[in-house]
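What follows is a short report on a single structure.
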Amino acid sequence: MRLDHCTWFEVDAYLTRCRGIIIPVGSTEQHGPLGLIGTDSHVARAAAERVGDITGALVAPALTVTPAPFNLSFPGTISINAELFSCMLKEIVTGLAGQGFRRFYFLNAHGANLESLTALRCDDPGTRVMTRSWWDFSPVQTMRDDLYGDWEGVHATPSEIAITQIDHRRIAVSEESREPPARLDRATLTSLTGDRHGPPDGHRRRYPDGRVGSHSALARPEHGRQLLDLVVRCVVEDYNQFVSDDSIADQAE
């Protein structure tokens, strides 16, 4: 159930039975020759809305403009600095907590968001904040490894692009994008975790088509369905556990 598709009366009624909310967080940045600029936001939103349908949780509008400074040399990327992003997160949580929300579950799809998300705290008593990236769950990581191995890479990954192919258009594979990018060893892939890509001009020189060790052309819609179904199952279990200790009845007594 999407928050922005509700009336305030419906949200008020929701808060009498549940005080959790899922907030998808993505980005607006290049994702190589085959990935949509909104890839991260599409993935986070798709997973969050499916989880909401199963659990009955409210799902906030996706946060789509986030830090992505390393990609600013690629046309179409929109980035804000980490300080502003942190302030925005704080304002969102504080405002919703003032209305009665107590469990904030951020479902993330962009590595550069993690520093601000993991530092996020709320001063209201009884509130808790949880951040999960869709790839955090070991069964999901195993499936990514099984499907793509080292060609998953770290940006414009075939797994995230495969998920977008379920609900969005599939970009035709050109001869250039059919060829794999430069292969990155495990040490390099690990060093880039969290989107540590450096200044934008240097980043584009190193990865001129935007792929960072990721063979995007391996993406298939059927892979996306398998991955998204698994992500949703993992998040449903995780979210239900997260909100299970917030008993409205107990606290009302």
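The values are calculated or read from the model by the stated rules, or taken from the named source; none is laboratory data. Because the structure is predicted, anything quoted here is derived from the model rather than measured. Cβ coordinates were reconstructed from backbone atoms using ideal geometry, including for glycine residues, and neighbour counts include every protein chain displayed. For accessibility, only protein heavy atoms count, side chains too; no ligands or nucleic acids. Shrake-Rupley method; radii C 1.70, N 1.55, O 1.52, S 1.80 Å.
Observations, loosely collected:
- Residues in the stretch 196-211 that are open to solvent by less than 20 Å² (accessible area, probe 1.4 Å) and either basic (Lys, Arg) or in a loop (DSSP other than H, G, I, E, B) (or both): HIS197, GLY210, ARG211.
- Qualifying positions in the stretch 109-138 - in a helix (DSSP H, G or I) and either buried (at least 18 other Cβ atoms within 10 Å of the Cβ) or of a type outside the set (S, T, N, Q) (or both): GLY111, ALA112, ASN113, LEU114, GLU115, SER116, LEU117, ALA119
- Answer residue from the stretch 1-31, given it is assigned to a strand (DSSP E or B) and touching a Phe, Trp or Tyr at 6+ places or on another chain (Cβ under 7 Å) and is farthest from GLY98 (Cα to Cα) among those: VAL25
- So VAL173, is it surrounded by 11 or more Cβ atoms within 10 Å (Cβ to Cβ) and either in a helix (DSSP H, G or I) or of a type in the set (D, E, K, R) (or both): no
- The stretch 221-253 - residue that is part of a helix (DSSP H, G or I) and modelled with pLDDT under 95 and, of those, nearest to ALA109 (Cα to Cα): ILE248
- Residue within the stretch 175-188 that is of a type in the set (Val, Ile, Thr) and closer than 23 Å to PRO75 by Cα present: no
- Residue match in the stretch 212-220 (condition: of a type in the set (A, V, I, L, M, F, W, C), surrounded by 12 or more Cβ atoms within 10 Å (Cβ to Cβ), within 21 Å of the chain's Cα centre (by Cα) and at pLDDT below 95): no
- Positions within the stretch 120-159 being under 23 Å from ALA97 (Cβ atoms) and in contact (Cβ under 8 Å) with a residue 60 or more places away in the chain, in sequence order: GLY126, ARG128, MET130, ARG132
- Taken together, PHE101, PHE106 contain a single residue that is in contact (Cβ under 8 Å) with a residue 24 or more places away in the chain, more than 23 Å from VAL43 (Cβ to Cβ) and among the aromatic types (Phe, Trp, Tyr), which is PHE101.
- Residue that is farthest from the chain's Cα centre (by Cα) [pool: residues in the stretch 176-195 that are surrounded by 11 or more Cβ atoms within 10 Å (Cβ to Cβ) and outside any loop (DSSP other than H, G, I, E, B)]: ARG178
- Odd one out for GLY76 among (1) open to solvent by 30 Å² or more (accessible area, probe 1.4 Å); (2) more than 27 Å from VAL173 (Cα to Cα): (2)
- Here ASP40 fulfils each of the conditions (1) open to solvent by less than 40 Å² (accessible area, probe 1.4 Å); (2) in a loop (DSSP other than H, G, I, E, B) apart from (2).
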